[in-house]
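Since every read-out is calculated from the coordinates, none of them should be taken as a lab result. Source: prediction; values computed, not measured. Positions of Cβ are backbone-derived with ideal geometry, glycine not excepted, and every protein chain shown enters the neighbour counts.
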Amino acid sequence: MLSVSIFSPVIFLIAICAVSNTTAQDRFSINTSLAAVGGNLSDSSYSMAYYLYGGLRYQAQDYYLSLSLPLVFNSSGSFTQLGGMYIPNGNGNDSSGSMHGSGSQGSMMNGGMGISNLNAGIGDMYVYGSYNLIKETNTLPAFSTDGFVKFPTASPSLNIGTGKFDFNLAVSARKFIGTFSFYVQTGYLFLGNSSEANIENPITFSVGIGNNFGGGNHLLLIEYDSYSTVVTGFASPKQLSLGYAYLISSKLGYTMIGSVGLNNSTSDFTVSAGFNFTL
């Protein structure tokens, strides 16, 4: 079966359900991907942002660790990344209650004035991990504990992120039936700025199904992701994603993911594509 490594936060929750029990053990891999994120912000203005990711992953027998750091290009007003989703912010000049922005309501971070031209800088660094608790049997699924820590490394000029450390703890179950894989995860996201009156730590939920074909060199998968309320007064973020992965060789893989936001608390769309190189 095709083995997919996590190489971008955009596809974190999707790709993890595609990791089969034939994954190469005790190996490092490096990865790179480009993501385009677009949608209406909370002030009804439209914005696009681009994320050029680089990452490193180590896969052992019962656990993995991976690191991802993006170079971000955006304009005034953008998106705050929360794990596998992008949450629309307000324009930096808007004070009417945005997801980010400089207003006193609905702000994900204490942002300053926005910029009118394209801006570039380092984004937040994510470290992901997973540990197998119970191995899969013929009748029972595999269970694991998963999580990530977000380091607030984003350039202040980008006006993105919570500006604090965030971390997620989750439990997942995975089951392979023939060429199909089934995946469900639930967790809790701790936001560093949840002490603000309007920010809440959300419960996270994901469910997905994948199918290997073409001799195990191709993978198609679909996933639904949902958070409970993040900002008081805003809808709970939800998105639907479709992914495709191709094992070009034993050491090189290609993955493409497209996501659609299901309400105005999530970016309208996200498109991501990249390569994974096993060392």
**OP:** For Lys251, go through the aspartates and glutamates and keep the ones whose alpha-carbon is under 16 Å away, minus same-chain ones fewer than eight residues off.
**Re:** Asp26
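Taking 0.36 nm per residue of sequence separation and subtracting the Cα-Cα distance, how much length would be gained by fully extending the chain between Thr229 and Asp26, in nm to one decimal?
Numbers: separation 203, 0.36 × 203 = 73.08 nm, distance 3.85 nm.
Going from the current span to full extension adds 69.2 nm.
With r as the distance between the Cβ atoms of Ala120 and Phe182 and R0 = 51 Å, compute the FRET efficiency 1/(1 + (r/R0)^6) and round to 0.05. Intermediate results must be reported in sequence, preceding the final value.
Numbers: r = 40 Å, r/R0 = 0.78.
Computed FRET efficiency for Phe182 and Ala120: 0.80.
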Original post:
When we measure straight from the Cα of Lys150, which lysines land under 20 angstrom away, once same-chain ones fewer than 8 places off are left out?
Top reply: Lys164
**OP:** Straight distance only, please: which aspartates and glutamates reach the Cα of Lys175 with their own Cα at less than 17 Å, same-chain residues fewer than 8 apart left out?
**Re:** Asp62, Glu136, Asp146, Glu223
